[in-house]
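The values are calculated or read from the model by the stated rules, or taken from the named source; none is laboratory data. This is a predicted model, so every value here is computed, not measured. Glycine also receives a Cβ, built like all others from the backbone with ideal geometry; neighbour counts cover every protein chain displayed. Keep in mind that these areas ignore ligands, DNA and RNA; they rest on the heavy atoms of the full protein, side chains included. Shrake-Rupley method; radii C 1.70, N 1.55, O 1.52, S 1.80 Å.
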Amino acid sequence: RCRGACAAAAAVGVGGAGVRVWRSDGPPLASGGGQELAPDLSAACSVAQEMRAAVLAELQLPSSAGVARNKLAARLLSAAAKPAGELKGGLAAVADASAAAFLRSRRLLTIPGLQQKRGRALAEALSHLARHAEARQAGGGTGGGAGGVDGGSPGFGPCSTSSLTLGDALSVGRAALARLVGEAEAAELL
């Protein structure tokens, strides 16, 4: 069965079977083109497409799937592929070379484990950090507070807590992140 799926995926090519491939070098969640998926990821896309077709035929229910090397990326891709998601295509994948960029681009409050109190607290702390850094710079100070990697401002400006991304959280550096959420939480995020 897997050999047949691999052959089907190779014959169809990236994006040819309704697969949307997230690219870091172009529009996010663009259709096909760009980076090639590894053969095993292409095969997984074919299997996922077959499963989606079977669910639709048997239960008359639409479904979505995400294909990636790690569970978190696949889960987030599946959410993006839902009818109400940003992709709306039903099946999304990310090439190995773009997986880290994809994860960094996700809104902080959509990451499993950060959707409730824990995520809101982190987002509020990051937002406060950005406002503090902006005020410090406006006042002419370069200060060595809990800023980004260089001790200055974080890698993002003041923004609403709902628009902060995982990349924003990681841009402040391990030491600042540990001061904001504690060592154990920072280690888990990094």
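Here are some notes:
- A101 closer than 30 Å to C45 by Cα and at pLDDT 85 or above: yes
- Any chance A184 is part of a helix (DSSP H, G or I), among the aliphatic types (A, V, I, L, M), surrounded by fewer than 14 Cβ atoms within 10 Å (Cβ to Cβ) and modelled with pLDDT of 75 or more: yes
- Of the residues contained in region 146-163, none is found to be among the aliphatic types (A, V, I, L, M) and either modelled with pLDDT of 80 or more or part of a helix (DSSP H, G or I) (or both).
- Where a residue in region 20-32 is of a type in the set (A, V, I, L, M) and modelled with pLDDT under 65 and its partner, wherever it lies, is open to solvent by 30 Å² or more (accessible area, probe 1.4 Å) and assigned to a loop (DSSP other than H, G, I, E, B), with Cβ under 6 Å and at least six apart: A30/R23
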